[in-house]
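Engineer: Before we start, here is the structure in question, set down as structure tokens.
Derivation of every value follows stated rules applied to the coordinates shown; laboratory data play no part. What you see is a predicted model, and the numbers here were worked out from it, not measured in a lab. Note that we place each Cβ from the backbone using ideal geometry, even for glycine, and neighbour counts take in every protein chain shown.
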Amino acid sequence: MIRVLFVCLGNICRSPMAEAVMRDLVEKEHLSHKVEVDSAATSSWHIGDPPHRGTQGKLKEYGISTKGMQGRQLQKADFENFDYIIGMDESNIRNIRTMLGNLDSTKIFRFLDLTDHRKDVPDPYYTGDFQETYDLVLEGCHALLEKIKGQYKL
């Protein structure tokens, strides 16, 4: 099983959006038995909370479910349990490395570094632009799934 963890600051906007989009893509490619997806926060602000209503609304527009999703905080065990730990922005990457013990690992990387954008995913909690975030997350998830399929010959 290949395990993917998306991480952002609060785990209510970007990382749950990426989790839901990636799960949807994995299901459509009939790879759910090979790829598992989760998300987490670097902060503890929204532990147990559902995704932000803007994230839920945007995903609903595209027929993507957030059922059962709850915010959780990144844990040291996640480094051992996941093959990919993906931060939505540079600040998330710094926080991930600090929280996990300053590990220098290729399994930790910034999400859009897999795309031509090579930039941070803007946080719609602050920008209000859930469409821009969705578009970037969808592109990033497609790129990540192609990377996984190539790397693991799926």
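Engineer: Quote the relative contact order of the chain in percent (integer), defining contacts as alpha-carbon pairs under 8 Å separated by 6+ residues.
Structural biologist: It comes to 27 percent, rounded to a whole number.
Engineer: Still on this structure: Quick one: order 22, 17 by neighbouring beta-carbon count within 10 Å, fewest to most.
Structural biologist: 22, 17
Engineer: Stretch residue 131-residue 32 to full length: gain in nm at 0.36 nm per residue minus the Cα-Cα span?
Structural biologist: 33.0 nm is the gain from fully extending residue 131 to residue 32.
Engineer: Follow-up. Taking neighbour counts of Cβ atoms within 10 Å as a proxy for exposure, in what order, fewest first, do 47, 148 appear?
Structural biologist: Lowest to highest Cβ neighbour count: 47, 148.
Engineer: To continue, here is another question. Classify the chain: rounded, prolate or oblate, from the alpha-carbon gyration tensor (a ≥ b ≥ c, eigenvalue square roots; a/c under 1.5 rounded; otherwise prolate if a/b is larger than b/c)? Numbers along the way, then the final one.
Structural biologist: On the way: a/c = 1.32, a/b = 1.04, b/c = 1.27.
Rounded shape, in that the Cα axes give a/c under 1.5.
Engineer: Which lysines, on any chain, are close to residue 76 with Cα under 22 Å apart, when same-chain ones fewer than 8 places away are left out?
Structural biologist: Cross-link targets: 107.
Engineer: Which cross-chain or sequence-distant (5 or more) residues have an amide H under 5 Å from the amide H of residue 35, H modelled 1.01 Å from N in plane?
Structural biologist: For residue 35, whose amide H was placed from the backbone, the distant partners under 5 Å are 2.
Engineer: Now for a different question. Among 80, 90, what is the fewest-to-most ranking by other Cβ atoms within 10 Å?
Structural biologist: Lowest to highest Cβ neighbour count: 80, 90.
Engineer: Continuing with the same structure: Would you mind checking which residues have amide H under 5 Å from residue 108's amide H? H placed 1.01 Å from N; only 5 or more apart, or other chain.
Structural biologist: Amide H neighbours of residue 108: 85.
Engineer: Turning to a different aspect of this structure: Using unit Cβ charges (K, R positive; D, E negative) and no other charged atoms, how large, in debye to the nearest 20, is the dipole of the chain about its Cα centre?
Structural biologist: Details: 20 positive and 23 negative charges, 67 e Å.
Computed about the Cα centre, the dipole is about 320 debye.
Engineer: Summing Lys, Arg as +1 and Asp, Glu as -1, what charge do residues with Cβ under 14 Å from the Cβ of residue 23 carry, residue 23 excluded? Show your work: numbers first, answer last.
Structural biologist: Values: positive: 3, 28, 34, 67; negative: 19, 24, 27, 29, 36, 38.
Value of the local net charge: -2.
Engineer: By the scheme Lys and Arg +1, Asp and Glu -1, what is the net charge of all other residues having a beta-carbon under 10 Å from that of residue 89?
Structural biologist: Charge balance in the 10 Å sphere: +1.
Engineer: Could you tell me the center-to-center distance, by alpha carbons, between region 83-154 and region 1-69 in angstrom?
Structural biologist: 13
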